[in-house]
Each structure stands twice: as structure tokens, then as C-alpha cells.
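To keep things clear, I will list the structure first and then write my remarks on it.
The values are calculated or read from the model by the stated rules, or taken from the named source; none is laboratory data. What you see is a predicted model; the values in this text were computed from it and never measured. Backbone-built Cβ (ideal geometry, glycine too); neighbour counts: all protein chains shown.
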Amino acid sequence: MEEKRQYEKVTVRTGLLFLIVLFVAFASCLNRVVEKPTFILREVTISPRSLLEMNLLIGLDVQNPNRFDLTIKSFEYRVYLNNEEIGSGRLESEVLVPASSTTAVQAPVAANFKNLGGSLKALVMESDLPYKIEGRAEIEAIFGSLTFPFSKEGRLNPKQHEGERK
């Protein structure tokens, strides 16, 4: 009887050890299993806060290429327009991005008029404006969490977006 209990304890411990090793191995392969989401700058909305500061709200499309949902747990970023850094920000709330879909996200950017330089004029006057958004995102999937750097460059057409709103 005592021998049987000993055998059961060893079997349970071996099974738990196997599960732990399997979980650690799977977690270390997470970055190979999860495709990183992409971020596309869709629009920039300007609202003055004072004579020297303004709030910018950037509209991002977050694309999830995976067959499972992702949750963006944290998202820190810097935004460049016309090759000038205009500000930075942090998304304060979690965002669920369903499997194989795109989710629109509004992200605040703290900007100072002196940082904007020619970018403010270019944003209002230009028809095609180069942008870059870079930073770090932490995502969570059913398998665990993953933090990765990102950088996305493209062109923003402010006049096109004005026409779309009419």
C-alpha cells in the first residue's frame, strides 16, 4: 500500500514537471506563434490647449493578422510628421483587436507648438505628408504576453480625409 502511494506521488510530480517544461517551452516560442499587429496612421486631429501647447489625437488602424484575438496591454509611441518629432504618448486603456480584423484606435499625443515647427503648416497646407510612428507595444494572447518594438512609415493625406468627412 505504501509503495502504491509512493508511485502515485512520483507520477503526479513527473506529470506536473512535464507540464511546467511544456508551458515554458511554449511561452518561449510565443514570438514565433504570434504575428505582430501592424499600426497605420489614418488621421491627425488638432485641438489647442493653450498658447504654447496643443493636444493631438491620432487615429490608428490596428491590424491583427492572427487567427486569435489580441489585447494591447500597453502602447507607448513617438510620432513624426514631415521628418520632425511632433510628440509622444501612451495609450492608457487596453484595446481588444479581434482575430483577422482591424480596429480603429484614438491615441493622444502631447505636443508643444515649438516642437511642431513646420509640421503644423505642412499638416494644414500639404496634400501628402510623410509620417513615422514608432514605439513599443505589449500584447496579450491566449498563450501569454509579448512586448515588441515597432516602427511604421507612410504618407498621410490630410486633404483626402477632409473630403471623406463631408
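Considering only region 32-93, give the strands (runs of 3 or more DSSP E) lying wholly within it that have at least 1 residues that are within 21 Å of residue 142 (Cα to Cα). Before you say what the answer is, go through the steps one by one.
On the way: elements: 38-48, 53-64, 70-81, 84-91.
Strands (runs of 3 or more DSSP E) meeting the threshold: 38-48, 53-64, 70-81.
Can you tell me which residues in region 66-82 are surrounded by fewer than 21 Cβ atoms within 10 Å (Cβ to Cβ) and touching a Lys or Arg at 6+ places or on another chain (Cβ under 8 Å)? Show your work before the answer.
At the first step, the residues of region 66-82 found to be surrounded by fewer than 21 Cβ atoms within 10 Å (Cβ to Cβ) are 66-69, 71, 73-74, 76, 78, 80, 82.
Scanning region 66-82 gives 74, 76, 80.
List the pairs whose first member sits in region 82-94 and is assigned by TED's automatic domain parsing to the domain that holds residue 133 and within 27 Å of residue 69 (Cα to Cα), whose second member is among the β-branched types (Val, Ile, Thr) and surrounded by fewer than 19 Cβ atoms within 10 Å (Cβ to Cβ), and whose Cβ atoms are under 6 Å apart, counting only residues at least 6 apart or on separate chains?
94/71
Tally time: how many residues in region 46-74 are touching a Gly at 6+ places or on another chain (Cβ under 7 Å) and within 17 Å of residue 103 (Cα to Cα)? Quick ask: steps written out before the conclusion?
If we filter region 46-74 for residues that are touching a Gly at 6+ places or on another chain (Cβ under 7 Å), which is where we start, we get 56.
Filter once more, keeping what is within 17 Å of residue 103 (Cα to Cα): none.
Result for region 46-74: 0.
Tally time: how many residues in region 32-76 are of a type in the set (Lys, Arg), touching a strand residue (DSSP E or B) at 6+ places or on another chain (Cβ under 9 Å) and at pLDDT below 75? Lay out the reasoning, then the answer.
Narrowing region 32-76 to residues of a type in the set (Lys, Arg): 32, 36, 42, 49, 67, 73.
Subset that is touching a strand residue (DSSP E or B) at 6+ places or on another chain (Cβ under 9 Å): 36, 42, 49, 73.
Those still in the list that are at pLDDT below 75 too: 49.
Qualifying residue count, region 32-76: 1.
Regarding residue 135, is this residue under 14 Å from residue 36 (Cβ atoms), among the small types (Gly, Ala, Ser) and either surrounded by 13 or more Cβ atoms within 10 Å (Cβ to Cβ) or modelled with pLDDT of 80 or more (or both)? Please lay out each step first, then the result.
On the way: under 14 Å from residue 36 (Cβ atoms): yes; among the small types (Gly, Ala, Ser): yes; either surrounded by 13 or more Cβ atoms within 10 Å (Cβ to Cβ) or modelled with pLDDT of 80 or more (or both): yes.
Taking the combined requirement at face value, the residue satisfies it.
Criterion first (modelled with pLDDT under 85 and within 22 Å of the chain's Cα centre (by Cα)) does residue 126 satisfy it?
Details: modelled with pLDDT under 85: yes; within 22 Å of the chain's Cα centre (by Cα): no.
When the stated conditions are applied, residue 126 does not pass them.
Yes or no: residue 151 of a type outside the set (Val, Ile, Thr), in the same structural domain as residue 53 (by TED's automatic domain parsing), modelled with pLDDT under 85 and exposed (fewer than 13 other Cβ atoms within 10 Å of the Cβ)?
Numbers: of a type outside the set (Val, Ile, Thr): yes; in the same structural domain as residue 53 (by TED's automatic domain parsing): yes; modelled with pLDDT under 85: no; exposed (fewer than 13 other Cβ atoms within 10 Å of the Cβ): yes.
Judged against the criteria, residue 151 is not a match.
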